[in-house]
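As structure tokens, the structure follows; a few thoughts come after it.
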Amino acid sequence: MAVFYVYILETISKNNRKRFYTGYTNNLERRLKEHKKGTGAKFCRGKKVISLKYVESFTERRNAMRRELEIKSLPRREKIELIKNFYQIES
């Protein structure tokens with residue numbers, strides 16, 4: 001059974017601006033390596049990937065894609081709350 005992940009990365013640009021990137025994949029480890037090498041999403045090229053901030057898993061691709069779009073549409077402050085809540089649950 002395949003597993004799909006929705007994730008949020010924190011990046012920093014050359015002018016020290018922190019931004020979030022949200023994506024989905026079926027191989028999180030490979031995808032993170034791609035982002036860090038600069039071969040992942042166009043958004044991350046030219047930026048340093050600081051850390052993985054958030055992950056959700058799904059058994060169906062369409063649910064992961066739907067959730068990715070939901071998260072992408074959130075304002076930054078709501079993404080920060082999502083990340084804070086994630087770390088409270090994980091601890």
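The values are calculated or read from the model by the stated rules, or taken from the named source; none is laboratory data. Keep in mind the model is a prediction, meaning the values are calculated, not measured. Here Cβ is always computed from backbone atoms with ideal geometry, including for glycine, and neighbour counts include all displayed protein chains.
A few points about this structure:
- Qualifying residues in segment 71-91 (those that are assigned to a helix (DSSP H, G or I), of a type in the set (S, T, N, Q) and exposed (fewer than 11 other Cβ atoms within 10 Å of the Cβ)) - the one modelled with the lowest pLDDT: GLN88
- Those residues of segment 50-70 which are under 19 Å from GLU81 (Cα atoms), at pLDDT 90 or above and outside any helix (DSSP H, G or I), in sequence order: LEU52, LYS53, TYR54, VAL55, GLU56, SER57
- Being surrounded by 14 or more Cβ atoms within 10 Å (Cβ to Cβ), at pLDDT 85 or above and closer than 26 Å to ASN16 by Cβ is not true of LYS47.
- Hits in segment 1-24 (condition: assigned to a loop (DSSP other than H, G, I, E, B) and in contact with a Lys or Arg (Cβ under 6 Å, 6 or more places away or on another chain)): SER13
- Residues satisfying the stated conditions in segment 1-23, i.e. within 8 Å of the chain's Cα centre (by Cα) and among the hydrophobic types (A, V, I, L, M, F, W, C): VAL6, ILE8, LEU9, PHE20
- Scanning segment 30-44 for residues that are farther than 22 Å from ILE83 by Cβ and modelled with pLDDT under 90 yields LYS37, GLY38, THR39, LYS42.
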